[in-house]
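Since the structure comes first, as structure tokens, the remarks are kept for the end.
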Amino acid sequence: DTNYISLSRDPNPSIYPSIHSFFTMGEPTTTNAKITKPLSLPIKGKSDWRDYRPLLLPNGATLMLVRDSQSKTTAMSVCVNVGASSDPRALSGLAHFCEHMCFLGSEAYPGENTYKKYLSAHGGKSNAATSMSYTTYK
């Protein structure tokens, strides 16, 4: 199961040093996120102006950095290769239930709406969707 993460526009370099180095076309310099190996570039159409940098992380997840110099926002999404068709017969709706559970709290954001409040205070928002094959978190 491969995770897909995408970003657009230059993020704050002090918060995301390895991602910032991609956008400045330098090599990653952070020690927090060791990248195991670069992957092959995706095939782009002639009218695609974005820059792509796919990487394989030590945990086996695929990271896809996307630079869109025309965008005025920064975005991130994670796509998990599990959807409604992966639900066991006895637990119909499990993938959708897990999607909602991810926003109910964590160690870093323990309250039910703490994460959403944090994003909102910084001009952001979150959402998720479960299809038959994938669950996407934005």
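Laboratory data are not the source of any read-out in this text; all were calculated from the coordinates shown. Small disclaimer: the values here were computed from a predicted structure and weren't measured. All Cβ positions, glycine included, derive from the backbone under ideal geometry; neighbour counts span all protein chains shown.
Okay, here's what the table says:
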quantity: Residues listed by number, the range 56-76, amide nitrogen under 15 Å from Trp49 label point at 7 Å toward C-beta; calculated: 67-73
quantity: Per-residue HN-Hα couplings for the range 72-82 [Karplus 6.51, -1.76, 1.60; θ = phi - 60°; Hz; x = Gly/Pro]; calculated: 9, 10, 10, 9, 9, 9, 10, 10, 9, 6, 9
quantity: Radius 15 Å from Cβ of Lys44, net charge of other residues (Lys, Arg +1; Asp, Glu -1); calculated: +1
quantity: Reachable lysines, given that their alpha-carbon falls under 27 Å from the alpha-carbon of Lys46 and they are not under 8 places away in the same chain; calculated: Lys37, Lys72
quantity: Contour excess over end-to-end distance, with Cα ends at His122 and Ala61 and 0.36 nm allotted per residue; calculated: 19.2 nm
quantity: Qualifying trypsin sites (Lys or Arg not before Pro) in the range 39-99, DSSP loop, other Cβ atoms within 10 Å at most 11; calculated: Lys44, Lys46, Lys72
quantity: Tensor-based shape of the range 42-127 (alpha-carbon gyration tensor, a/c under 1.5 rounded, otherwise prolate or oblate); calculated: oblate
quantity: Potential lengthening between Leu94 and Ala108 on full extension [0.36 nm per residue; Cα-Cα distance subtracted]; calculated: 2.6 nm
